[in-house]
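Read the structure below first, then the notes.
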Amino acid sequence: MCAMMPTRSLSEVWSEAEIVRRSYPNSFSDQMVADIYGNVEQITNNVLTKQGSKRYLFDQKLDDLVTSKRFGYPLMLLLLVIVFWITMAGANVPSRLLASGLFAFQDQLTLWFQWIGTPSWVHGVLVLGVYRTLAWVIAVMLPPMAIFFPLFTLLEDSGYLPRIAFNLDHIFKKAKACGKQSLTMCMGFGCNAAGVTACRIIDSPRERLIAILTNSFVPCNGRFPTLIVVSSIFIGGAVAPYTGLVNALVISGLILLGIATTLLISWLLSLTILKGEPSSLVLELPSYRRPQLGSVIYRSILDRTLFVLRRAVLIAAPAGGVIWILGNIYIGQQSLLTSLGQALNPFGQLFGLDGFILMAFILGLAANEIVLPILLMSYLSTGYLQDFTSLEGLRSVLVSNGWTWLTAINMMLFSLLHWPCSTTLLTTYKETGSKKWVLLSFLIPTMTGLSVIFIFTQCVRFLGLV
């Protein structure tokens with residue numbers, strides 16, 4: 001139950017609480033909260049008289065629109081699409097410029113290493129491994145986060161985010177979770193580690209754990225490049241005149257699937273290892289206000305963007321060295337990376353993927369941003385992370401390595417539902433202080449993702465569609 005406690009007259013609050021109480025006649029906690037507001041209303045009416053204001057009337061009319069059953073959800077979906085469209089479209093150019101600058105500096109580093117006579121393997125580990133991986137992570141993560149988090153903070157400061165929690169509270173209550181989980185889920189779109197940290201706003205320890213364990217089911221900005229590229233090649237490319245529209249619909253569909261999975265797993269957790277009834281959400285809906293630019297910049301860039309990026313960099317740096325070593329140590333005629341991919345191939349084929357894709361996801365545990373470059377590195381046997389100059393060139397590489405439409409769909413589904421990155425796992429440990437919950441936060445999405453693509457693959461093969 002979400003009892004509205006906005007900056008409006010208490011008679012309005014009480015009438016809304018009465019509606020909630022009539023809607024949930026069998027919920028003791030809901031009736032208790034509604035009765036509290038009823039008593040407050042009775043006491044206040046005896047001592048206080050307040051006249052309406054234009055500001056109050058504006059807030060009330062706007063709330064009637066954004067929290068209504070008819071317009072509330074469409075407005076949320078529209079804002080979601082707008083925010084992600086701005087994020088994805090706005091990040092393209094900065095990402096390319098940042099990548100160009102960082103990789104150009106890699107060439108300068110190479111000259112310096114050659115000038116001081118550094119052994120080739122040291123140059124490989126530090127420059128082609130550590131630095132190149134860091135360049136990839138920063139170029140892919142920084143621009144989207146620098147756009148998404150300020151937009152998210154603007155919605156937060158304007159007073160709209162509490163309305164989202166109010167709208168979704170009923171759905172989350174059906175899953176025996178808390179409406180505030182919708183806010184942590186929204187934060188997870190920027191970064192799942194930030195979403196896990198945001199779970200602090202949930203008062204109930206049980207519901208906080210549910211939110212933490214399910215936050216990775218919404219795609220973070222590290223997964224969007226893979227989702228967008230694969231969709232553009234194998235789905236949007238099939239209807240070239242409408243590629244942009246089709247890709248937007250595909251990504252929106254995946255987001256809705258992630259939200260549905262979040263609700264389903266939250267419900268299952270509430271019935272099993274985290275049993276309990278959902279707590280009543282008493283939520284104060286603040287007045288709509290003009291966001292403070294300085295506060296938005298400080299909170300979104302310093303407290304969120306740079307905080308998350310620092311953790312990702314600390315984890316991705318050593319992972320880059322390990323990836324380079326695996327790609328450049330040979331056993332016979334092939335590298336360890338190729339050997340691992342071939343060893344995993346039978347298991348990958350069972351799920352409609354291949355061994356190299358699974359290996360890319362495993363090595364991409366450090367950062368989701370490097371999954372696709374690792375895959376290209378494995379397919380091309382280059383020994384270091386690869387970029388691609390065009391979608392058509394990437395399509396040729398993937399198709400020549402056995403990709404079909406089934407592989408592409410499974411790749412997107414598993415990218416959406418697979419285990420969280422190591423930064424998110426580390427954040428989960430810091431927030432819960434328990435290795436058990438960290439393990440579950442890894443196993444739950446892993447088993448969910450594998451189950452989904454296994455069932456989908458077997459159904460497609462049984463029907464003879466591939």
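The values are calculated or read from the model by the stated rules, or taken from the named source; none is laboratory data. Keep in mind it's a predicted model, so treat the numbers as computed, not measured. Note that each Cβ is placed from the backbone with ideal geometry, even for glycine, and that neighbours are counted across all protein chains shown.
Within segment 140-179, the residues that satisfy the criterion of being outside any helix (DSSP H, G or I) and at pLDDT below 85 are Gly159, Tyr160, Cys178, Gly179.
Can you tell me which residue within segment 122-132, out of those that are touching a residue at least 40 places away in the same chain (Cβ under 8 Å) and either outside any helix (DSSP H, G or I) or not charged (D, E, K, R) (or both), is nearest to Pro318 (Cα to Cα)? This residue is Val130. Do the conditions hold for Ala319, that is, is it on the phi < 0 side of the Ramachandran plot, small (Gly, Ala, Ser) and touching a residue at least 40 places away in the same chain (Cβ under 8 Å)? Judged against the criteria, Ala319 is a match. Any residue that is more than 21 Å from Pro205 (Cα to Cα) and of a type outside the set (Ser, Thr, Tyr) - is there at least one of those in segment 275-283? No, segment 275-283 contains no residue that is more than 21 Å from Pro205 (Cα to Cα) and of a type outside the set (Ser, Thr, Tyr).
For segment 184-223, a residue qualifies if it is surrounded by fewer than 24 Cβ atoms within 10 Å (Cβ to Cβ), out of contact with any Gly (no Cβ under 9 Å at 6 or more places or on another chain) and assigned to a helix (DSSP H, G or I), and the qualifying residues are Thr197, Arg200, Ile201, Pro205, Arg208, Leu209.
Here is a yes/no grid of residues against (1) closer than 28 Å to Gly124 by Cα; (2) not small (Gly, Ala, Ser):
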position	(1), (2)
Ile251	no, yes
Leu269	no, yes
Gly320	yes, no
Phe347	no, yes
Leu358	yes, yes
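All conditions but one from (1) within 17 Å of Ile259 (Cα to Cα); (2) at pLDDT below 85 apply to Ala211; the one that does not is (2).
Could you please find all residues in segment 89-105 being surrounded by fewer than 15 Cβ atoms within 10 Å (Cβ to Cβ) and not hydrophobic (A, V, I, L, M, F, W, C)? Passing the criteria: Asn92, Arg96, Ser100, Gly101. Flag: Ser381 does not match the condition of being surrounded by fewer than 17 Cβ atoms within 10 Å (Cβ to Cβ) and at pLDDT 90 or above.
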